[in-house]
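Accompanying notes for the structure given below.
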Amino acid sequence: MDRRRFIRSVAAGTAGITLGTVPYELFAHEDFITISILHTNDIHCHIEPFTGTNERYANKGGLARIAKLATLQRQKNPNTLLLDAGDMFQGTPYFNYFKGELMLKVMSEAGYDASTIGNHEFDNGLQGIKNPLPNAEFPIISSNYDFSDTILSGSFPEYKIFKRDGVKIGIYGVGIELENLVGKKNYGDTVYNDPLVVAQKMESFLKNDKKCDLVICLSHLGLRYRDKKVSDLDLAAETSFTDLIIGGHTHSYLEKPLEEKNKLGQPVIVNQAWWGGLVVGKVDFVFEKSKRNKKAVYSDLL
């Protein structure tokens with residue numbers, strides 16, 4: 001089978017999402033549009049690589065590396081989004097000295113397209129979020145935290161839609177319950193809304209009302225739990241139109257994304273990229289132009 005026929009045989013009729021292992025280069029053709037998603041979580045102010053002698057960490061991670069990887073990926077495929085699933089703040093002296101200001105400046109320089117809020121963003125209270133926020137040249141999306149009665153009212157969009165080469169990509173974000181995790185004085189009158197209910201509302205809005213071709217959730221819920229705490233796997237099972245859940249909070253290292261079944265029995269991809277920028281997750285979605293079918297064809301850790 002020649003290259004053209006091979007590509008068509010892989011992509012044709014794939015209205016759902018099925019994670020395969022076909023590399024991006026095979027779809028670099030006018031009949032197809034590839035959307036590349038790079039993602040991180042729990043960077044925790046690791047701007048520079050880790051130091052020390054532990055071979056798992058030494059000279060690895062950090063925002064400088066992420067920025068370089070994102071630049072190289074965008075040279076390869078301009079239809080690339082760089083996303084983060086929260087806990088940007090806390091973890092190194094950079095946060096102690098500069099609070100969140102430096103982190104948001106460097107993430108902006110690195111070319112992040114969007115992020116969501118993690119629990120450590122509340123470490124210096126609501127004022128500690130408000131003060132550095134103007135330094136973020138990317139939207140920080142929060143769909144289930146209601147800041148209406150706080151100084152952060154109106155600061156965070158519930159969703160963001162990106163368009164790349166005609167493909168509409170809708171993104172929403174959900175965060176973990178703050179009670180018993182964050183001090184009450186730090187989150188004040190922030191209202192936590194059920195992420196499962198909010199996710200169902202947001203995905204339907206993005207898919208049906210806004211006609212998005214790809215729906216992504218930035219989640220700071222955590223991958224899985226033994227108790228009844230809401231997790232990314234719960235989210236996958238209770239949603240219907242979300243194609244990709246990018247997770248955080250539990251610092252989970254996944255060699256490859258999990259392919260779960262959603263409420264309709266269709267596949268949804270769940271991924272998380274460890275922490276500190278030690279790895280960068282990557283998932284490619286290929287769209288066949290003529291039929292607007294999509295397929296997740298390739299994933300990797302960078």
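Key figures
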{"item": "Fraction of beta bridges assigned by DSSP in the chain that are antiparallel (%, nearest 5)", "result": "55"}
{"item": "Whole-number D in µm² s⁻¹ for region 133-252, Kirkwood Cα-pair radius fed into Stokes-Einstein, 25 °C, 0.890 mPa s", "result": "163"}
{"item": "Longest segment of the chain lacking GluC sites (Glu not before Pro) that sit in a DSSP loop with at most 10 other Cβ atoms within 10 Å", "result": "56-178"}
{"item": "For region 234-302, radius of gyration divided by Kirkwood radius, i.e. Rg to Rh on alpha-carbons", "result": "1.01"}
{"item": "Other-chain or far-sequence residues with amide H under 5 Å of Arg164's (modelled H)", "result": "Ile169"}
{"item": "Over 23 Å (Cα to Cα) - which of Lys60/Lys160; Lys68/Lys160; Lys160/Lys282 fall in this group", "result": "Lys60/Lys160; Lys68/Lys160"}
{"item": "Ranking of Ile169, Ile33 by count of other Cβ atoms within 10 Å, fewest first", "result": "Ile33, Ile169"}
{"item": "Projected area, mean over directions - region 78-171, Cα convex hull, nm²", "result": "6.2"}
{"item": "Rg(Cα) / (2.2 N^0.38 Å) computed for region 3-301, rounded to two decimals", "result": "0.97"}
{"item": "Helix 195-204 axis, angle to the chain major axis (alpha carbon atoms, nearest 10°)", "result": "40"}
{"item": "Nearest-ten-degree value, helix 101-110 long axis tilted from longest Cα axis of the chain", "result": "10"}
{"item": "Rounded to the nearest 20 debye, dipole of region 3-301 from Cβ charges on Lys, Arg, Asp, Glu", "result": "1080"}
{"item": "Relative exposure of Val270, Val167, judged by other C-beta atoms within 10 Å (fewest first)", "result": "Val167, Val270"}
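Every number here is computed from the coordinates shown, using simple stated rules; none is lab data. Keep in mind the model is a prediction, meaning the values are calculated, not measured. Note that each Cβ is placed from the backbone with ideal geometry, even for glycine, and that neighbours are counted across all protein chains shown.
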